[in-house]
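Report on one structure; see the data block that follows.
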Amino acid sequence: MRLAPHWRVRAQRYQLRGEVCECCGRHLFPPRDVCPSCHQPANEPFPFSGEGTVYSYSTVYEPPRGYEQYAPYTVALVRLKEGPLVTAQLTDVDPEQVHIGMPVEMVTRVLREEGEEGIIIYGYKFRPVLERAAASPAQ
Amino acid sequence: MQSVSIIGIGQTPVGEQWDVSIRDLASRAVIAALKDAGIDRPDALYVGNMLSGPLAAQEQLATLIADWSGLRGVEALKVEAACASGAAALRVGYMAVASGLHDLVVVCGVEKMTDLDGEEATIALMTAADADYEAIHGTTFISLNAMLMRRYMEEYKVPYEAFAGFPVNSHANAVHNPNAMFRQAIDRDTFLNARMIADPINLFDSAPISDGAAAVVLCSTERARELHRHPVRIAASSIATDSVALHDRHDPLFLSAVYSSAMKAYQQAGIGPEDIDLFELHDAFSIISALSLEASGFAPRGQGTRLAVEGEIGLQGRIPIATMGGLKARGHPVGATGIYQVVEAVLQLRGEAGKNQVQGAHWAMTQNVGGVGGTAITHILEG
């Protein structure tokens, strides 16, 4: 059972925490020690807003081992509003309704369950931006 | 640095070979290549392989293959670069001979993928992607490529049908390749009506899981003329890398590693894309064929599919690709693929490609891609 690899990235999985490069200002997700753009050390944490749009997507009909129970499901590349692309599943949406450019927001969901004895892995998925409740109650 | 040539080739049939183990697949290819070269004992064996651990439960692979090929005692190493492992091993063999460190080297690519079921193979293949940030989300290699294809169709206004020419061409060329996995032609409708795997990529748009091994023997060009009637010179060998994860790229629709490795190869060979007579590219998915043709200088961006639509990728076209069936129809035993490409290019340059012969072929280019373009390895052969 692989435990530590999931625990290590908990801030990324639960909070979408990345970094901002203090040298060139680029926002990075996932975080890394060296900015891929300016090659300077990068270590200033940055929590992403979780808002973005769909860059591309695909509905998976033939899943890998461990994901059979979720199929078909839709994976996407989401362009976060701060700049980076992130790979994640879309949730709470009919695959037919998904389109490139669709506004989405991050939510926390179960990514995978590893059976009775195993762990439950939580992390980010993205859903269509919900219509906010009408701003003003009946007047 | 000395010039390097290929003086021997060997290959096994590609397919689901339930009765053959990884060691026997590899040793058959190695022995065939040594026989073709007329050599008993090389100085070293380099093995390209991606997944012998998870799929065949075997590591220390090169040592085992050396022993099973009758070469116990020689220098032997496995080289891994995901689906580009085969060409990566060739690169290592090329460096060994070019540097003068070794005189005679055999390079083998092998993959045994059918000892586990398809779901296990799919998850093993995903180890070439980013484990923490791609694989955990249930993405598969097919869905990563599918996202590229969808974005490409949207950005360049390319219809789905435009991709049909790639698998149709690969299958047509596999019909006359006795070692190919799928030796039957398909038509456009077969492609358009195929079962979806990860939309928009369907069954006939994806290279199959398969078993196979291929091998080549290398020596200095100077010595090659004494040893073989028709040596083929390696005019260029180059590797370039990109980010492993698709989401870490500034522009996912531009395969920058493919571009860099191709441009370095042209420079080393002293030729350009207009001189290439055939191109064994990495057609794991037709979107990768289109993007590779673009990044290698055969088509402007967004127009790679036009070469397929206009019939320019056929054996008589401007740039024949997948001339023996490619990854799609010859099959894609991942770590072996890069060596199959080279073996097939050598057959073309020797004039031994039978009904698939590209007439007057003098320059051949092979390109093996790891992951979704994270590694790209280009070789140019002259013969």
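What helices does chain B have that are whole DSSP H segments, at least 24 Å long along their own axis by Cα, and with mean Kyte-Doolittle hydropathy of 0.5 or more? Intermediate results must be reported in sequence, preceding the final value.
Working: long enough: B:334-350 (25 Å, 0.86).
What comes out of the filter, once short or polar helices are dropped, is B:334-350.
If R0 is 22 Å, what FRET efficiency do you get for B:D67 and B:H176 from their C-beta distance, rounded to 0.05?
Numbers: r = 36 Å, r/R0 = 1.62.
FRET efficiency, B:D67 to B:H176: 0.05.
Once the Cα gyration tensor of the protein assembly as shown is found, what semi-axes does its equivalent ellipsoid get, as square roots of 5 times the eigenvalues, in whole Å, sorted largest first?
The answer is 41, 25, 22 Å, longest axis first.
Give me A:C23, B:C108 sorted ascending by neighbouring Cβ count inside 10 Å, so fewest comes first.
The most exposed by this proxy come first: A:C23, B:C108.
List the pair-distance distribution P(r) of segment A:4-128, using every Cα-Cα distance, as the percent of pairs falling in each 5 Å bin from 0 up to the bin containing the longest distance, rounded to whole percents.
Result, from short to long distances: 2, 11, 19, 19, 19, 15, 9, 5, 1, 0 percent.
Using the basic label-point model (7 angstrom from Cα toward the beta carbon), what is the A:E22 to A:R2 distance in nanometres?
Label at A:E22, label at A:R2, 3.3 nm between them.
For an R0 of 30 angstrom, estimate the FRET efficiency from the Cβ-Cβ distance between B:R306 and B:D251 and round to the nearest 0.05.
It comes to 0.90.
Lys/Arg Cβ at +1, Asp/Glu Cβ at -1, dipole of the protein assembly as shown taken about the Cα centre: which of A:S49, B:G86, B:I380 is farthest positive-ward?
Most positive-ward Cα: B:I380.
Once Lys and Arg get +1 and Asp and Glu get -1 on their Cβ, which of B:H332, B:S99, B:S260 lies farthest toward the positive end of the dipole of chain B?
After comparing all options, I get B:S99.
Run the numbers for B:A131 and B:E161: contour at 0.36 nm per residue of separation, minus the present Cα-Cα distance, in nm.
7.5 nm
Would you look at the GNM of chain B, springs on alpha carbons closer than 10 Å, and say which of B:Q60, B:Q11, B:Q341 moves the most?
Evaluated over chain B, the most mobile residue of the options is B:Q60.
Sticking with the crude label model, points 7 Å out along Cα→Cβ, report the distance from B:Q184 to B:Q316 in nm, one decimal please.
Roughly 2.7 nm, to one decimal.
Antiparallel as a % of all DSSP beta bridges within chain B, to the nearest 5? Spell out each step's value before the answer.
Details: 37 of 52 bridges.
Roughly 70 percent of the beta bridges in chain B run antiparallel, per DSSP.
Would you mind computing, in nm to one decimal, how far apart the modelled labels at B:M1 and B:E59 are, each placed 7 Å from Cα along Cα→Cβ?
3.2 nm
Order by neighbour count: A:K81, B:K157, fewest other Cβ atoms within 10 Å first, most last.
Placing the least packed residue first, the sequence is B:K157, A:K81.
Here, each number is a calculation from the coordinates, and none is a lab measurement. As the structure is a computational prediction, the values presented were derived from the model and not from experiment. Methodologically, a virtual Cβ is constructed for each residue, glycine included, from the backbone with ideal geometry; neighbour enumeration extends over all protein chains shown.
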